[in-house]
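A short worksheet on the structure shown next.
The values are calculated or read from the model by the stated rules, or taken from the named source; none is laboratory data. In this text, all values refer to a predicted model and were calculated from it rather than measured experimentally. Glycine gets a Cβ as well: all are built from the backbone with ideal geometry, and neighbour counts include every protein chain shown.
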Amino acid sequence: MNELLPAPGDQEAAPETLNIPVARQFARTAQRLPFVRFVECRKTDGHYEVVVLELEVERPQHIEHDIRCYEIVAFVFFADRSLAPDVLALRSDFPHVPHLNLRFEEFPRSLCIYEDPFAEFGFKWNPSHFIEDTRSWLARTARGEAHAANQRLEPLLDANTAELVLPHDLLEGVTSPAVLFLRASQWSNRRIVVEKKLEGPEPGSICAVYVAGSPQVHGIIRKQPQQVAELHEVLASANIDLKTTLHTALRSFISSNLPDLMKHTTIILLIDLPKLRRTGGEVESTDYVAFGIPTSIGDLGVSLGLHEKAGGHYVPIIGAGGNVQISTLPVVAFRRLMTLSPELASAFNGVEPNSDRMSFVGLGALGSQVFNNLVRSGFGVWSLIDKDFQFPHNNARHFLFEMAGESKAEAMAAIARAVLPSRPVAALVADVTFPKDLMVQVSATFRESSVVVDCAASVAVSRKLARDFEGGRRVSVFLNPTGTDLVVIAEPRDRSVRLDQLEFMYYRAIRNCPALRGHLKRTGDPLRFSNACRDLSAIIPQANISVHAGIAAHALRSILSQEAGQITIWQLTEALEVSRINVPVSEPADSKSGTWTVFTDETVLDSMRKARVRKFPRETGGILLGSFDIERHLVFVSDMISSPTDSKEWPTLYIRGCAGLKTRLDAAIHETQGGLEYVGEWHSHPPRYRSQMSSQDKNALETLTAEMQKDGRPGVMLIVGTDETVYLSAAD
């Protein structure tokens with residue numbers, strides 16, 4: 001019989017006298033199960049109770065680990081139900097195997113039966129399953145199957161609940177061993193947050209000793225060190241001589257001749273421990289651990305025999321070897337955490353990292369949440385531009401909160417820098433439509449950006465971005481007035497089709513796609529948040545904005561990985577379903593006429609060609625829909641209305657009528673909320689006639705121009721002739 005370790009507990013007890021309900025239930029169940037022999041129960045002062053069983057283990061003839069056919073196991077149940085029951089192997093020579101809980105004492109060994117936290121399965125825990133799971137653990141361990149071939153390696157050391165947060169790039173370019181001096185922005189018993197690395201020690205700084213060990217097989221450390229001497233012993237397996245490392249670090253500090261700092265500087269050990277799955281294998285992962293020694297460097301030096309304390313000062317001992325016992329010095333384990341790097345943020349989000357320079361215009365309700373999604377996935381190096389400041393009513397839907405009076409751009413930039421401290425984020429409080437004194441900065445920002453994301457929800461801003469600044473492709477992201485639909489309009493990478501041209505393809509889709517009927521319709525009055533005439537805000541549920549912000553962030557990533565332009569609309573229904581509408585991006589066509597440039601595309605031209613063929617041998621025509629950009633002398637032709645029923649259509653002459661035309665024009669204006677309007681006339685020439693203007697056409701254009709010039713607009717005429725040629729003219 002193997003020697004057994006004593007089970008925890010002060011006194012033996014009968015099962016029915018146990019006070020903890022789960023312990024009592026467990027003891028009763030164990031006495032009627034096969035392959036289980038009840039041994040005893042033990043009690044304490046009420047914090048825990050113990051049930052000891054002998055378990056029969058189903059093991060093969062040839063075993064990987066020394067698990068016996070019968071093992072004596074103590075099951076420890078705590079009065080605090082939030083604590084998982086502990087399972088202790090009482091055999092004194094129970095082997096060191098995978099999946100043991102790291103404790104301050106090596107024996108009795110604590111078996112790690114479950115990977116998941118007890119809180120995740122405690123609600124369905126029952127005694128018989130617990131016993132069978134323990135027997136299964138013993139059997140799999142005997143066969144060497146407790147740790148699966150594809151399972152993550154076990155940690156070498158356990159971490160305390162205390163946290164040490166370091167800049168993720170702190171050790172870049174640093175080789176082991178090294179001594180660093182750090183400044184902390186937060187410092188408490190539970191958390192130390194390091195702000196940055198210093199050139200040298202300063203009052204209140206931390207002396208960090210960094211050392212990397214040799215690779216070792218996972219799971220070989222048998223207990224959690226509590227003292228410097230124990231940590232020295234543990235690290236020896238990784239070929240780290242902790243005592244020598246500390247001596248070297250303290251000597252370098254003493255040689256800096258800063259005795260006053262020795263009273264107020266503490267030391268932290270940063271240790272990298274590479275891990276192998278098996279001896280001779282490749283390094284699969286590394287444990288990054290940290291330990292603090294809760295004493296000043298001065299007192300630590302005294303304990304190490306490097307100097308002595310006299311009259312409140314530390315005096316170096318000449319020739320001291322430092323060969324003293326340091327077992328009484330405690331160490332505190334820290335969870336060693338790193339600030340989030342862009343690369344790790346991308347990994348957590350399951351996406352590829354991106355470090356391209358980008359600009360983001362418009363940090364309102366939608367924009368702030370889209371930007372938040374992008375920056376938290378490590379996407380882009382951003383410059384933020386917004387002229388607005390946060391108002392209290394913005395808290396209903398904005399990512400910012402409790403920041404009334406602050407610049408939206410600057411506040412969002414501050415948050416982004418807090419999320420990814422190593423990634424710069426610039427902010428400009430500027431009006432893109434009229435940058436005034438900031439024109440140079442705004443222009444440079446766009447010029448240096450590979451992408452400009454426009455979430456300003458402003459036609460004026462979109463037009464400005466389309467034509468007035470250099471830089472990379474533009475992507476406009478906005479919601480319809482009710483917040484049910486998300487619209488993303490993206491230029492191609494080469495910017496061969498500009499944002500304003502795509503805008504009018506979008507308007508055409510609104511007019512012609514049945515699924516978009518009512519897309520821009522406004523319902524209900526906006527809410528007033530103050531007494532100025534423009535202090536109004538639309539009624540849109542935050543839930544809608546949140547859904548669409550997630551879609552928009554995904555869409556931006558996808559779009560920016562492609563060369564082509566895109567117009568896409570996502571619609572959220574009352575049944576909480578999302579549908580997608582892809583609007584074709586048509587081949588652009590343009591014509592320069594005088595000081596005006598007319599933009600159209602093959603979709604609208606093709607509709608006129610088909611109308612011409614349908615009416616052969618007669619001429620036909622109608623009106624053009626689009627809009628004018630008078631500031632830039634641009635005309636956009638997006639769609640057409642075909643010939644009214646009272647038009648005169650002859651083989652050599654076309655006179656447009658007007659029956660029902662106003663109704664159709666008003667409908668187009670209403671459906672697009674003024675995006676489309678009347679811009680001019682179109683007609684066809686008969687078979688075998690080209691599209692060049694006849695004398696009658698010239699007279700008609702002159703008449704049209706005279707009328708349009710009353711509003712400062714050109715007369716626009718489009719003619720479709722043989723060979724599918726088109727003649728397009730705009731006259732001042």
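Laid out as a table, the results:
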{"quantity": "Per-region count, the range 678-699, residues touching a strand residue (DSSP E or B) at 6+ places or on another chain (Cβ under 7 Å) and surrounded by 14 or more Cβ atoms within 10 Å (Cβ to Cβ)", "calculated": "11"}
{"quantity": "Some residue of the range 479-488 being assigned by TED's automatic domain parsing to the domain that holds residue 374, closer than 19 Å to residue 599 by Cβ and not β-branched (Val, Ile, Thr)", "calculated": "no"}
{"quantity": "Residue ID - surrounded by the fewest Cβ atoms within 10 Å (Cβ to Cβ), chosen from residues in the range 453-497 that are among the charged types (D, E, K, R) and touching a Lys or Arg at 6+ places or on another chain (Cβ under 7 Å)", "calculated": "470"}
{"quantity": "Matching residues in the range 53-70 - criterion: being over 49 Å from the mean Cα position of the chain (by Cα), assigned to a strand (DSSP E or B) and either in contact (Cβ under 8 Å) with a residue 24 or more places away in the chain or under 30 Å from residue 278 (Cα atoms) (or both)", "calculated": "53, 56, 70"}
{"quantity": "Criterion: among the hydroxyl-bearing types (Ser, Thr, Tyr) and in contact with a strand residue (DSSP E or B) (Cβ under 7 Å, 6 or more places away or on another chain) - qualifying residue of 484, 523", "calculated": "484"}
{"quantity": "Matching residues, the range 22-53, being among the charged types (D, E, K, R) and surrounded by fewer than 16 Cβ atoms within 10 Å (Cβ to Cβ)", "calculated": "28, 32, 37, 45"}
{"quantity": "Where a residue in the range 381-392 is at pLDDT 95 or above and its partner, wherever it lies, is aromatic (Phe, Trp, Tyr) and crowded, with 24+ Cβ neighbours inside 10 Å, with Cβ under 8 Å and at least six apart", "calculated": "382/360; 382/371; 383/360; 384/360; 384/371; 385/360"}
{"quantity": "Index of the failed condition, residue 585 passing every other in (1) assigned to a strand (DSSP E or B); (2) under 21 Å from residue 492 (Cα atoms)", "calculated": "(1)"}
{"quantity": "Single unsatisfied condition, residue 497 versus (1) over 24 Å from residue 390 (Cβ atoms); (2) assigned to a strand (DSSP E or B)", "calculated": "(2)"}
{"quantity": "Hits in the range 20-38 - residues which are free of Cβ contacts under 8 Å to residues at least 40 places away in the same chain and either under 21 Å from residue 138 (Cα atoms) or assigned to a loop (DSSP other than H, G, I, E, B) (or both)", "calculated": "27, 31, 32, 34, 37, 38"}
{"quantity": "Selection within the range 625-669 - surrounded by 21 or more Cβ atoms within 10 Å (Cβ to Cβ) and among the acidic types (Asp, Glu)", "calculated": "639"}
{"quantity": "Residue within the range 450-458 that is part of a helix (DSSP H, G or I) and in contact with a strand residue (DSSP E or B) (Cβ under 9 Å, 6 or more places away or on another chain) present", "calculated": "no"}
{"quantity": "Verdict on residue 4 being in contact with a helix residue (DSSP H, G or I) (Cβ under 8 Å, 6 or more places away or on another chain) and not small (Gly, Ala, Ser)", "calculated": "no"}
{"quantity": "Of all residues in the range 353-411 being among the charged types (D, E, K, R) and in a loop (DSSP other than H, G, I, E, B), the one that is surrounded by the most Cβ atoms within 10 Å (Cβ to Cβ)", "calculated": "386"}
{"quantity": "Residue list for the range 629-677, filter: over 51 Å from the mean Cα position of the chain (by Cα) and of a type in the set (Lys, Arg)", "calculated": "648, 656"}
{"quantity": "Within the range 678-701, considering residues that are of a type in the set (A, V, I, L, M, F, W, C) and in contact with a Gly (Cβ under 7 Å, 6 or more places away or on another chain), the one farthest from residue 661 (Cα to Cα)", "calculated": "701"}
{"quantity": "Failed condition for residue 557, given (1) surrounded by 16 or more Cβ atoms within 10 Å (Cβ to Cβ); (2) of a type in the set (D, E, K, R); (3) not assigned by TED's automatic domain parsing to the domain that holds residue 492", "calculated": "(3)"}
{"quantity": "Complete set of residues in the range 459-494 that are part of a strand (DSSP E or B) and within 27 Å of residue 539 (Cα to Cα)", "calculated": "475, 476, 477, 478, 479, 485, 486, 487, 488, 489, 490"}
{"quantity": "Near pairs, Cβ below 6 angstrom, 6+ apart or cross-chain, from the range 428-440 (closer than 16 Å to residue 471 by Cβ and assigned by TED's automatic domain parsing to the domain that holds residue 384) to any residue that is of a type in the set (Lys, Arg) and not in a loop (DSSP other than H, G, I, E, B)", "calculated": "432/464"}
{"quantity": "Extreme residue, surrounded by the most Cβ atoms within 10 Å (Cβ to Cβ), among residues of the range 700-717 that are charged (D, E, K, R) and free of Cβ contacts under 8 Å to residues at least 12 places away in the same chain", "calculated": "707"}
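Per-residue answers, yes or no, for (1) in a strand (DSSP E or B); (2) among the hydrophobic types (A, V, I, L, M, F, W, C):
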position: 617; (1), (2): no, no
position: 638; (1), (2): yes, no
position: 654; (1), (2): yes, no
position: 668; (1), (2): no, yes
position: 699; (1), (2): no, no
